[in-house]
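Worksheet: the structure to be examined is printed underneath.
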Amino acid sequence: MTGPTSDKFETLAVHAGAEPDAATGAVVPAIQMSTTFKQDGVGATRGGFEYGRSDNPTRRSLEAAIAALEGAEHGFAYASGLAATQNLLYLTQPGDRIVMSDDVYGGTWRLADKVWARYGIAVDAVDLTDLEAVRAAIGSGDGAARMVWIETPTNPLLKVVDIAAVAGMAREAGAITVVDNTFATPFLQQPLALGADVSLHSATKYLGGHSDVIGGLLATSRDDLAERLRFHQNAAGAVPSPFDCFLVMRGLRTLAVRMERATANARAIAFWLNGRPEVRQVSWPGLPGSPYRELVERQMRLPGAMVSFELNGELAVAERFVAATRLFTLAESLGAVESLIELPAAMTHVSVADSPLAVPAGLVRLSVGIEAVEDLIADLEQAFVVAAVPAAAV
Ligand SMILES: *Cc1c(COP(=O)(O)O)cnc(C)c1O
């Protein structure tokens, strides 16, 4: 069930979690829809399968694949990224405190601030790029944080957090470090190798990669956490359908080539935007002027395919601009083969409008896809004209 082993990501991405089916020779693991499994005697299962919420062969293949790609011992699949997030919450107790990126995914913050708070879990939003602030926020002894929640690169400002440094401080204080690895993917960044305890994905994004499946994944090498996560996965039940597991696995097969191409496109677009008079500031952590460039080189294979920038002019200008692109589709979400454009303040980040996580009104976010980059740049260029974006700050 695990497929050939290799230390090369590209090989693992194609083969992990899949080897030709012993009975049929099928090269692709079957989508096993059965909700229940015959027992040859009471408790005598074939391969440990009893009931589809508890375990399923297609899901097990996906879980083996994400474990292999994250360099982890254990993988877990869920119905969505937030279902995976919720499952991690079950590791905490009332009275616990979580230190979280102040630039975290809006839905994660909403879950923490509006739901977890009701169950006695406190959450501190901290700028995790400020290591002194991180140390102070984690604290020590009885009052120390129970969990540290890193997201890097962050959304939508693409700040980069030093995973090894933050995970080191968390470990000293006895806290669990979680890295939301959705933006980077395990191809670009390996959180467990940098000292994190758990890596989390919204598989809805790059891992699925085709905007056609909602899913979540966790990976860890800590047996103690894995045992509790497995228990809660079954007990709380937010598991993915076998068909969704198949779609995520199909996405994983091409992850390495998609990320390389999308990142190359993002690089070209970031450099091009950086020279445009209509643009005030470009955030892409691989730009020469980026404060995160050295850290990216240390921690990531490539800087990734998300780009954000601030336009000159008012919110209305930015609204006209994102409506004027033809190849970049105006839509929420990210990480797929097609390029998307959005206005975080009015779309993905509405839920954090009045919180410490609020974002600049004129900020535009691109999820750069794998189209021909000349076409993508030409599309942005015509949108500058159609939207009449001023060529100088006003
Ligand atoms: C989308 C997203 C999530 C939530 O995942 P869903 O699959 O939508 O539940 C969490 N973190 C990040 C960084 C995301 O982009």
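Below is a table of values for the structure above.
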| quantity | calculated |
| --- | --- |
| The one condition in (1) in a loop (DSSP other than H, G, I, E, B); (2) touching a strand residue (DSSP E or B) at 6+ places or on another chain (Cβ under 8 Å); (3) free of Cβ contacts under 8 Å to residues at least 60 places away in the same chain that Ile98 fails to fulfil | (1) |
| Any hit, region 366-381, residues being out of contact with any Cys (no Cβ under 9 Å at 6 or more places or on another chain) and in a strand (DSSP E or B) | yes |
| Scope region 60-89; condition within 16 Å of the ligand (Cβ to nearest atom) and charged (D, E, K, R); matching residues | Glu70 |
| When residues of region 89-101 are limited to those that are open to solvent by less than 40 Å² (accessible area, probe 1.4 Å) and of a type outside the set (S, T, N, Q), the one nearest to Thr185 (Cα to Cα) | Met100 |
| Selection count where residues are touching a Ser or Thr at 6+ places or on another chain (Cβ under 8 Å) and not in a loop (DSSP other than H, G, I, E, B), scope region 59-75 | 3 |
| Within region 164-180, considering residues that are among the β-branched types (Val, Ile, Thr) and within 15 Å of the ligand (Cβ to nearest atom), the one farthest from Pro285 (Cα to Cα) | Val178 |
| Within region 59-88, considering residues that are farther than 23 Å from Glu332 by Cα and surrounded by fewer than 18 Cβ atoms within 10 Å (Cβ to Cβ), the one nearest to the chain's Cα centre (by Cα) | Gly71 |
| Options Phe243, Phe183, Phe187; residue that is over 17 Å from the mean Cα position of the chain (by Cα) and either assigned by TED's automatic domain parsing to the domain that holds Ser101 or more than 16 Å from the ligand (Cβ to nearest atom) (or both) | Phe243 |
| Hits in region 105-118 - residues which are over 24 Å from Gly251 (Cβ atoms) and either open to solvent by less than 10 Å² (accessible area, probe 1.4 Å) or away from the ligand (no atom under 16 Å from the Cβ) (or both) | Ala112, Trp116, Ala117, Arg118 |
| Which numbered condition Ser199 fails, given (1) free of Cβ contacts under 8 Å to residues at least 60 places away in the same chain; (2) in contact with a Leu (Cβ under 7 Å, 6 or more places away or on another chain) | (1) |
| Members of region 211-234 found to be free of Cβ contacts under 8 Å to residues at least 60 places away in the same chain, assigned to a helix (DSSP H, G or I) and of a type in the set (A, V, I, L, M, F, W, C), listed by number | Phe231 |
| Those residues of region 45-58 which are part of a loop (DSSP other than H, G, I, E, B) and either crowded, with 17+ Cβ neighbours inside 10 Å or in contact (Cβ under 8 Å) with a residue 60 or more places away in the chain (or both), in sequence order | Phe49, Gly52, Arg53, Ser54, Asp55, Asn56 |
| Where Glu310 falls short, out of the listed (1) under 21 Å from the mean Cα position of the chain (by Cα); (2) without any contact (Cβ under 8 Å) to a residue 60 or more places away in the chain | (1) |
| Some residue of region 191-201 being among the hydroxyl-bearing types (Ser, Thr, Tyr) and within 16 Å of the ligand (Cβ to nearest atom) | yes |
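The values are calculated or read from the model by the stated rules, or taken from the named source; none is laboratory data. Predicted, not measured: the structure shown is a model, and the values here were computed from it. Quick reminder, even Gly has a Cβ in these numbers, built from the backbone with ideal geometry, and neighbours come from all protein chains shown. Each accessible area value is taken on the protein alone, full model and side chains, heavy atoms only, with ligands, DNA and RNA left out. Shrake-Rupley method; radii C 1.70, N 1.55, O 1.52, S 1.80 Å.
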